[in-house]
Amino acid sequence: MQPKQDYKSTIKIKVSDLTHYMICPRLVYFRARGYEQPRIAEGRERSAIEHILLKELGFNLHKVYGGDRYDEGGGEEKTTEEEAVKQVIEDVVDSVEWIYKDELKTVDKDLFEDVKNDFLHSIESPGWLSKLKTEDELAELERSYSYEREHTMLSEKLGMVGSVDKLIKTEAEVIPCVIKTGRCPEYGVWRSDRMQLAAYAMLIEDEFGTTVQRGFVEYINMRTADIRESHIKKRDRALAFQILKYVKKIKGGVYPEKGANAPCDSCSFIEMCDTRKTLLSKLFGK
Ligand code: SF4
């Protein structure tokens, strides 16, 4: 007779489950039960395309910052720095429809072209370009050591998998970096982003046998590109570890309370989710 497998040991939690939990724990519940959210919600096509364009720009910011002053193919020198930067941005925009084929397959072609043109117009403005800080440490690290894109890690010990946007390996450090296209905080890094970096840090530590001290968040949106360094603190690790445990329980069948700031108005699970507050959640102020 085959030994009975403990279902809990077979569940692999994704780092994205942890970030979903922070938005609303029930998102984890419904997704674990096979309900899918549309990749691009109706009426949000424009912002979804902008998100993709910004994300890809984030992967190429080191080139925009000044790494690529020459054509990669022909070696023809650009006449001005601004032209070189614009060429990098246009190449990024051109690449998107091939890299994000799956995400963009339902998007209307005319809308896509419109958003691309508006995007180029905004991003190539002197105002946006002037926000780029050429002395930024992350850009310097990427120029010196390059980075691995979407490096996937799996920890059997944690029962967790994750694919970090950028992984930089120096002689002394392994550094995670995530790209965020939402609002940038006035100072530092949002709590959920610190938790996400801590989760990647734990995966890196298991894979590389090192201790991760810091990570970076690239906040890139239509107004600015801001790079923030974040020291990975014990409280961030503790939060990531605690949420990992909660997510395991939810995937095991526990139906959670809704999140304190759950975005129910724009949630595709609204029809199947009782969003009224329970007496218990009211008592505990959730
Ligand atoms: S409807 Fe609200 S409570 Fe339910 S899963 Fe969506 S965000 Fe969470």
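The values are calculated or read from the model by the stated rules, or taken from the named source; none is laboratory data. If you're wondering where the values come from, they're calculated on a predicted model, not measured in any experiment. Here Cβ is always computed from backbone atoms with ideal geometry, including for glycine, and neighbour counts include all displayed protein chains. The protein model used for the area step is the full one, side chains on, heavy atoms only, and it has no ligands, DNA or RNA in it. Shrake-Rupley method; radii C 1.70, N 1.55, O 1.52, S 1.80 Å.
Out of 139, 198, report the one residue that is in a helix (DSSP H, G or I), open to solvent by less than 10 Å² (accessible area, probe 1.4 Å), within 20 Å of residue 59 (Cβ to Cβ) and among the aliphatic types (A, V, I, L, M).
139
Tell me, please, whether a residue that is part of a helix (DSSP H, G or I) and in contact with a strand residue (DSSP E or B) (Cβ under 9 Å, 6 or more places away or on another chain) can be found in the stretch 188-195.
yes
Can you tell me which residues in the stretch 155-188 are open to solvent by 60 Å² or more (accessible area, probe 1.4 Å) and among the hydrophobic types (A, V, I, L, M, F, W, C)?
Within the stretch 155-188, 172 is the sole residue that qualifies.
What's the number of the condition residue 152 fails, among (1) of a type in the set (Val, Ile, Thr); (2) surrounded by 13 or more Cβ atoms within 10 Å (Cβ to Cβ); (3) part of a strand (DSSP E or B)?
(2)
Listed residues 253, 259; which is over 30 Å from residue 139 (Cβ atoms) and more than 9 Å from the ligand (Cβ to nearest atom)?
253
If you go through the stretch 191-204 one residue at a time, do you hit one that is without any contact (Cβ under 8 Å) to a residue 24 or more places away in the chain and closer than 21 Å to residue 142 by Cα?
No, the stretch 191-204 has no match at all.
What's the total number of residues in the stretch 88-111 that are in a helix (DSSP H, G or I) and closer than 19 Å to residue 60 by Cβ?
15
What number of residues in the stretch 201-213 are part of a loop (DSSP other than H, G, I, E, B) and either open to solvent by 20 Å² or more (accessible area, probe 1.4 Å) or farther than 13 Å from residue 231 by Cα (or both)?
Count: 4.
Is it the case, given these coordinates, that residue 148 is at negative phi and in contact with a His (Cβ under 9 Å, 6 or more places away or on another chain)?
So residue 148 fails the test.
Of all residues in the stretch 234-267, which are in a helix (DSSP H, G or I), closer than 17 Å to residue 190 by Cα and touching a residue at least 60 places away in the same chain (Cβ under 8 Å)?
Once the filter is applied, which keeps residues that are in a helix (DSSP H, G or I), closer than 17 Å to residue 190 by Cα and touching a residue at least 60 places away in the same chain (Cβ under 8 Å), the stretch 234-267 yields 240, 243.
Got a sec? Which of 9, 16 is modelled with pLDDT under 85, open to solvent by 20 Å² or more (accessible area, probe 1.4 Å) and of a type in the set (Ser, Thr, Tyr)?
9
Among 167, 132, which is at pLDDT below 90 and not in a helix (DSSP H, G or I)?
Checking each option against the conditions leaves just 132.
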